[in-house]
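This report refers to the structure that appears directly beneath it.
The values are calculated or read from the model by the stated rules, or taken from the named source; none is laboratory data. Note that the coordinates shown come from a computational prediction; the quantities given were computed from them, not determined experimentally. Here the Cβ positions follow ideal geometry from the backbone for every residue, glycine too, while neighbour counts run over all protein chains shown. Ligands, DNA and RNA are excluded from the accessible area calculation, which covers all protein heavy atoms including side chains. Shrake-Rupley method; radii C 1.70, N 1.55, O 1.52, S 1.80 Å.
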Amino acid sequence: MEVAKAYDPKQAEQSHYERWESSGFFSPEINQDPDAPKYSIVIPPPNVTGSLHMGHALQHTIMDVLTRWKRMQGYRTLWLPGTDHAGISVQRKVVEQLKKDEHKTPLDIGREEFVRRAWAWKEQYGNTITEQMRREGASVDWSRHRFTMDESLSKAVRSVFVTLYDEGWIYKGLRIVNWCPKDKTVLSDLEVKEETRKDGKLYYLRYPLSEPPASAGGENASDDQADSRDGDLPPAHAGGSALIVATTRPETMLGDTAVAVNPKDERYKHLIGKMIALPLTDREIPIVADEYVDAEFGTGAVKITPAHDPNDYQLGQRHDLPQLLVMNDDGTMNAAAGKEFEGLDRFKAREKVIERFDELGLLEKIDDYEISLPVCERCKTIVEPILSDQWFVKMDEMRDMALDLMRTEGAPHFSPQVPHEKVYTTWLENLKDWTISRQLWWGHQIPAWYDADGNVFVAHTADEAKEKAGGRELTQDQDVLDTWFSSGLWAFSTLGWTGNADALVRNEGDARTDSLTAAQEHSPQAVSADGGVRVPSDLETFLPTDVLVTGRDIIFLWVSRMMMLTKKFVDKKAFEDVIITGTVLGKDGKPMSKSRNNGVDPIEMFDKFGVDATRIYLASIATGADIKWNDLLIETYRNFANKIWNATRFCLLNSERAKVDHASLMDRSGLSLADRWIISRLNQTAIDVNKSLAKYEFHTAVSLLYHFFWDDFCDWYIELVKDEITSKRDGFSRSDEETPEGVTLTKTRILTILEIALRMLHPFMPYLTEELWLTLPGTGKEMLARAYKDAEATIMLTAFPPGDANAIDAAAEAEMQSVIDLIKKVRNIRSEMNIKPSDKVAVHVAANAEMLANFTASDAQIKKLARADNIVLGETLDVPKASAKAVLSGGAEIAVPLEGLIDFDKERERLQNQIAKLDTELQRLNGQLSNADFVNKAPAEKVEALRERKGELEHQIATLKMNLEALN
RNA sequence: GCCGUCUUAGCUCAGUGGUAGAGCACUCGCUUCACACGCGAUAGGUCACAAGUUCAAAUCUUGUAGACGGCACCA
């Protein structure tokens, strides 16, 4: 059999995915077992403008490991893929393209044409991640691929909107919102990030009173102010008085409609109710009193701009102040700001306001001020709080539903639970209403229509709205919904829910997109055409989904909203568990980003190290932990892949007349110690791997598999049986030479163990394991798990090894451990005494009868692995002085005669080192055991264990000391 | 400001109330016929610091220092 000497991932990666996909292995329909339990995951839909990054690769790996593991366990498994339409991002791409290619704006081409181009853009560029996921080996059911703007998902969006509106959970109103002047749309609170700027300024502006206050009692405002706080403040102008306000956004003063002071503030009490002549305008504004004002901050007097600040807005409501909007949607000043300022950009206007105040002698001072500014998460533009008429979702009742689920069912269960559960609930508790309208053309247009008088009609369709309006001509709301509004329905909208009263009955005549066709195929009607057997829909079968795998950044944006909306509309949990992955950081320890240029492209890693190595490396990161990227770590798993490849190669090179046969591990008679040991280790590993995966401890599972395969299987088992199954017969006993069936059986066992190990590795390393599994003799269709028996041969549909507790053989493990111990001690002597590898040694062993029998049985293997030509076993040692010695656990001693080779000084040093090591431990034990509190209070078995260990140590030390003496 | 996380071997990271682990790097020795992406053998850590709880603390508590994350912010 021709097998390359080193593993080349590319070849395996090219040959299997297409076959898996076209054979339908990824679909739940592949499962033929009518009683199979289901397992489902919906992918967090990557946005169509994106390409695969390391975070995706990490999350996809985890989802695929779980999906493949459950599929192999016989679950009816669905991992549903899809993408979201990324309203703002796509809109921006299309606008840019339009500008670059045609020097046009969206307004030039109109809404309809713009949307057409956005679809074209999506068709052309929106499949990047989809293709990359195939490379990853993701076992998603492509026939159920969904896009948030598919017709069926859009129907779900409209249904949800109408229902929430009808129930009063959606409303439209004037509120202060976050406005991005670059994208010219409102943003939700979650799409705004705070950025701290050290170079901020706090401007102190002097606002003159319209008329001087009554001067009785010398209560001159500016004098008061000067006396109590800022002695250096001169009066505004001769004979007049003024208030000084502090602001970080001077340009908004053009929209001031009041100045507020704290009613308890003695400095200003007498001014309450007086008017201010607002500079640069011809308006007079009142001085009002409000508890909100902090007398300690700034000057204690606050300019109030209700249309441009959330706090001012609230205050304005309380005092019935006018709301004066002075800005346009692009961040320039509007007509209300005055002729002088109209058309100026907000920051230019700021400069100009300051300039003019200075000219008028009204600029008091400018302080440096560290400020945190809200910026648009996507474009980093400074967000403008602005009064705007928008659609909102009232969150209080939905929030309570989510909190109830957590309280009563602990759902969803977060992994890791700390800190995410608390972060999630705390966020919910402080939840504010959600701004859902966006001033974009790309997305789900809001299903609200207006008549000529501005009356609103919310309906599923234009026709329905018109009907509601009594046939009047209507125009639809121009805005679209937040992309996260449709993402929030993802758990159930992707499974066929469109909002009909009976979710199981499908709408007719709407099959406009491929996805919908697919949905119909998989979501048959509750009752078949002939009124026969009821086939459960995807929604019934797969919801709640089992687990959601995502990053911290979208717990609020998506996880919480999906939880709430699913509960509200389907009355189910969206998912049972949530795995929050950590962040893969760049080599510099900072999150990967384009601006830092510290990103690592998963595709490059696939090319360099292979998909499987990248996957198992990502799975080896502790769940939820951040990790600094380092190529060396993937290299570990590239090497592991090569090890698996070569171990298989070895087995194949020695597989004449043998084939994979699970019965060969069942028949206990005729098993050698090594066989019993590796079977025990194999089953223990399988049990532990299953346990680890069930707890989402992927890194533990990887570590178990890595060490089982490399240490137990390759370093020991293969080495132990190597002589027997290779053509080399040196040192092998005659009886096996005469019974080639025994050799064939050993070959069979090693192939079988390898085959089981490959199955356990498959979820992590799908390509390599499939490639190798198909080449093993004896594998084929007949080895598929029961639920998949009609499928073609593939490792991905075999049973995941459950592990058999009965096959765990403690005695074999202990016996093997002493053989390993013996071999390691001899190797140590050889190495430290500089024995050439080619030189054979004799090994003398003194031990009790049981151990001697054990060593006798493993004579050939010990000889092979210790490079010994003679093993002398006895009750006592009888060796020349020129021997190197060691003690084994269990009271055995060994000696390697080194006539003419021994360096006595070196041997003394070696023995002393060993004594010192054991002695350190003995000291510690003695300390503990002489502590009466320990002996009395610690569990008896702990104390007993230490006493036993102490006896052992004392014996070993005594033996070593005797050996040391003997050298002198 | 509030909430929270992290600090373990040179590096990147696991880990558990009861003798500190891995991979890589380092040192020594190997063209041992599956694999040098390998084999064998060493070396390397007062588990950030301090106090407390406990028979026992790297592990639990509190505090300190440093790194970081989330949320909220008074103009």
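Key figures for this structure:
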{"read-out": "Förster-model FRET efficiency, 35 Å R0, A:Ser703 and A:Ala849, C-beta, rounded to 0.05", "value": "0.40"}
{"read-out": "Selection from A:Ser23, A:Leu431, A:Ala301 lying farthest towards where the dipole of chain A points positive, charges on Cβ", "value": "A:Ser23"}
{"read-out": "Nearest-20 debye value, the range A:292-402 charge dipole, Cβ charges on Lys, Arg, Asp, Glu", "value": "220"}
{"read-out": "Separation of the A:Lys789 and A:Glu370 label points, Cα + 7 Å toward Cβ, nm", "value": "7.1"}
{"read-out": "Protein accessible area in chain A, 1.4 Å probe - carbon and sulfur %", "value": "49"}
{"read-out": "Translational D in µm²/s for the range A:303-442 (Stokes-Einstein at 20 °C, 1.002 mPa s, Kirkwood Rh from C-alpha pairs)", "value": "112"}
{"read-out": "Residue (of A:Leu489, A:Val819, A:Ile41) at the positive-pole extreme of chain A, dipole from beta-carbon charges", "value": "A:Val819"}
{"read-out": "Euclidean distance between Cα centres, the range A:591-650 to the range A:342-370, Å", "value": "54"}
{"read-out": "At q = 0.04 Å⁻¹, base-10 log of I(q)/I(0) for chain A (Debye sum, equal scatterers on each alpha carbon)", "value": "-0.32"}
{"read-out": "Violating pairs (Cα-Cα greater than 28 angstrom) within the set A:Lys100/A:Lys352; A:Lys198/A:Lys274; A:Lys432/A:Lys573; A:Lys99/A:Lys594; A:Lys10/A:Lys587; A:Lys722/A:Lys825", "value": "A:Lys100/A:Lys352; A:Lys198/A:Lys274"}
{"read-out": "Average accessible surface area per residue within chain A, 1.4 Å rolling probe, Å²", "value": "43"}
{"read-out": "Alpha-carbon centroids, the range A:117-182 and the range A:76-101: separation in whole Å", "value": "9"}
{"read-out": "Per principal axis, descending, Cα span of the range A:259-362 in whole Å", "value": "40, 30, 23"}
{"read-out": "The range A:115-163: Rg to Rh, with Rh as the Kirkwood radius over Cα pairs", "value": "1.08"}
{"read-out": "Antiparallel bridges, percent of DSSP beta bridges restricted to chain A (to nearest 5)", "value": "70"}
{"read-out": "Sequence-distant aspartates and glutamates (8 or more away, or on other chains) whose Cα lies within less than 15 Å of A:Lys201", "value": "A:Glu251, A:Glu351, A:Glu355, A:Glu364, A:Asp367, A:Asp368, A:Glu370"}
{"read-out": "Cβ charges +1 (Lys, Arg) and -1 (Asp, Glu), total dipole of chain A, debye", "value": "1920"}
{"read-out": "Reciprocal of mean inverse Cα separation for the range A:373-412 (Kirkwood radius, Å)", "value": "13.3"}
{"read-out": "Radius of gyration, Dmax [the range A:573-716; alpha carbons; angstrom]", "value": "19.2, 66"}
{"read-out": "Ordering of A:822-832, A:180-190 by burial proxy (mean other Cβ atoms within 10 Å per residue, highest first)", "value": "A:180-190, A:822-832"}
{"read-out": "Burial order of peptide ranges A:772-779, A:925-932 (average beta-carbon count within 10 Å, highest first)", "value": "A:772-779, A:925-932"}
{"read-out": "Protection-proxy order for peptides A:935-942, A:865-872, each taking the mean of Cβ atoms within 10 Å per residue, highest first", "value": "A:865-872, A:935-942"}
{"read-out": "Using a Förster distance of 51 Å, the FRET efficiency for A:Asp869-A:Asp631 (Cβ separation, nearest 0.05)", "value": "0.70"}
